[in-house]
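Q: Structure incoming, see below.
The values are calculated or read from the model by the stated rules, or taken from the named source; none is laboratory data. In this text the structure is predicted, and so the values were computed from the model without any measurement. Note that we place each Cβ from the backbone using ideal geometry, even for glycine, and neighbour counts take in every protein chain shown. What goes into the accessible areas is simple: the full protein's heavy atoms, side chains included, and nothing from ligands, DNA or RNA. Shrake-Rupley method; radii C 1.70, N 1.55, O 1.52, S 1.80 Å.
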Amino acid sequence: MSGNPAMVMRVVASAYTVAEKAGAIVRKVLHSGELGIVEKTGANDLQTLADRLAQQSICASLSRHFPKLTIIGEEELPAQEVPEDLIEKGQAEEILQKGCPEEFKTLKEEELVVWVDPLDGTKEYTEGLLDNVTVLIGIAYGGRAIAGVINQPFYNYQHGAGAALGRTIWGMLGLGAFGFQLQEVPGDRRIVTTTRSHSNKVVTDCVSAMEPHDVIRVGGAGNKIIQLVEGKASAYVFASPGCKKWDTCAPEAILHTVGGKLTDMYGNPYSYDADVKHMNSAGVLATLHNHEYYVSRVPQSVLQALRSD
Ligand code: AMP
Ligand code: MG
Ligand code: MG
């Protein structure tokens, strides 16, 4: 399909190239050695020059193309002119060529909300755990995450100069998910993935209640959803209000596209409307299969702790 792609396909096609540009910025700042680290709410809530530049690049590039989009980025930045070299004008041809799902064909720019996490896994980025890092651009309509782009700037970085560095995966409800091979955890093993740098007793109590065969502790919401769809983990369990809508919108869209589910710890969906509160206060539970099992295992004490937050 060419000629006149539907508006939402053009937004996703831009988001793809914009996420690649942001990934390149994230690599460049790392190689410069000057991370420009700022503590936001504390030592476990950091912002670097890469977070700032990547968000400027993503938000300015998208709003240049699509001035009526609502774009919500993680970082609070002073309003300022964005240098021209941060603007990405390209659109992924591969996405423009795809037919838009019927239900999204007539969507208008002003009906979309774009949630931007310019660098997910900042703590790990500052510690050199580079494959935990992602750039997340989620697209919501009617409160639902309908499409998402995840760039992993350092994918393959441990495989030497011969391997292509970085990758971009994306997905759209009703269309499919691309850029990775969908895999499942073999057998009935319950492998739980959870935070490595934002843990507490409620978080660990909830993980234990799942009776996991194994627990993986890594950084990044995007990274953990990639683990689910690539068969490295069976559930992402995070009984904490620490994750925000920009952490979950793009990952949720991709996960839902391949038949998985992302909810709060009660099993209820989050809304991605422009006016929702940013915190995912009732935690994050994401799975490819057997979501009900994990919901049923969440202890009352954990639900109470989240509710009182
Ligand atoms: P993690 O799994 O710890 O990497 O967290 C996933 C996402 O949620 C990252 O963007 C974190 O920065 C964010 N996050 C989780 N918990 C907190 C917290 N307590 N304070 C600030 N950000 C958090
Ligand atoms: Mg994040
Ligand atoms: Mg971030």
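Q: Compute the angle between helix 7-32 and the longest alpha-carbon principal axis of the chain, please, reported from 0 to 90 degrees and rounded to the nearest 10.
A: So the helix axis and the longest Cα principal axis differ by about 80 degrees.
Q: Taking Cα atoms, how many degrees apart are the long axis of helix 49-65 and the longest axis of the chain, rounded to 10 and kept between 0 and 90?
A: Computed tilt is about 50 degrees.
Q: Further question: Taking a cut-off of 13 Å, what percent of all Cα-Cα pairs in region 4-71 are separated by more than that?
A: Every Cα pair in region 4-71 considered, those over 13 Å come to 67 percent.
Q: When a/c reaches 1.5 or more, the comparison of a/b and b/c decides; with that in mind, is region 170-309 rounded, prolate or oblate per its Cα gyration tensor?
A: The shape class here is oblate.
Q: Rolling a 1.4 Å sphere over the protein heavy atoms, what is the accessible area per residue of the chain, to the nearest Å²?
A: Per residue, the chain has 42 Å² of solvent-accessible surface.
Q: While we're here: Between 0 and 90 degrees, rounded to the nearest ten: what's the tilt of helix 245-257 against the longest Cα principal axis of the chain?
A: It is inclined by approximately 90 degrees.
Q: Can you list which of the trypsin sites (Lys or Arg not before Pro) found in region 189-292 are DSSP loop residues with at most 12 other C-beta atoms within 10 Å?
A: Qualifying residues, ordered by number: 189, 277.
Q: Over the chain, what percent of the accessible surface lies on carbon and sulfur atoms, probe 1.4 Å?
A: On the chain, the fraction of accessible area on carbon and sulfur atoms equals 48 percent.
Q: Once you have a ≥ b ≥ c as the square roots of the Cα gyration tensor eigenvalues for region 1-143, tell me rounded if a/c is under 1.5, and otherwise prolate or oblate according to whether a/b is larger than b/c.
A: Prolate shape, in that a/c is at least 1.5 and a/b is the bigger ratio.
Q: Checking the a/c ratio against 1.5 first, then a/b against b/c, what shape does the Cα gyration tensor give for region 113-187?
A: oblate
Q: Here's another thing I want to ask about it. Residue 39 to residue 165: FRET efficiency via 1/(1 + (r/R0)^6), r the Cβ-Cβ distance, R0 35 Å, to the nearest 0.05?
A: The computed FRET efficiency comes out at 0.75.
Q: Grab the beta carbon distance between residue 158 and residue 201, set R0 = 25 Å, and tell me the FRET efficiency rounded to 0.05.
A: 0.15
Q: Next question. For region 2-47, which trypsin sites (Lys or Arg not before Pro) pass both filters: DSSP loop (anything but H, G, I, E, B) and at most 11 other C-beta atoms within 10 Å?
A: Passing sites in region 2-47 do not exist.
Q: Would you mind checking the pairs 123/224; 105/224; 224/277; 98/245; 68/105 and listing those with alpha carbons more than 21 angstrom apart?
A: 105/224; 224/277; 98/245
Q: Then there's this: Percent relative contact order of the chain, based on C-alpha pairs within less than 8 angstrom and at least six residues apart?
A: After rounding, I find 17 percent.
Q: Could you compute how much accessible surface residue 180 exposes when probed at 1.4 Å, giving the result in Å² to the nearest 10?
A: Approximately 40 Å² of residue 180 is accessible to the 1.4 Å probe.
Q: I'd like to know which of 71, 267, 126 lies farthest towards the positive end of the charge dipole of the chain, counting +1 on Cβ of Lys and Arg and -1 on Cβ of Asp and Glu.
A: 267
Q: Roughly speaking, what is the centre-to-centre gap between region 39-83 and region 224-254 when only Cα atoms are used, to the nearest Å?
A: The distance from the Cα centre of region 39-83 to that of region 224-254 comes to 22 Å.
Q: I would also like to ask the following. Over region 189-309, what is the relative contact order in whole percent, taking alpha-carbon pairs under 8 Å and six or more residues apart?
A: Dividing the mean separation by the residue count of region 189-309 yields 29 percent.
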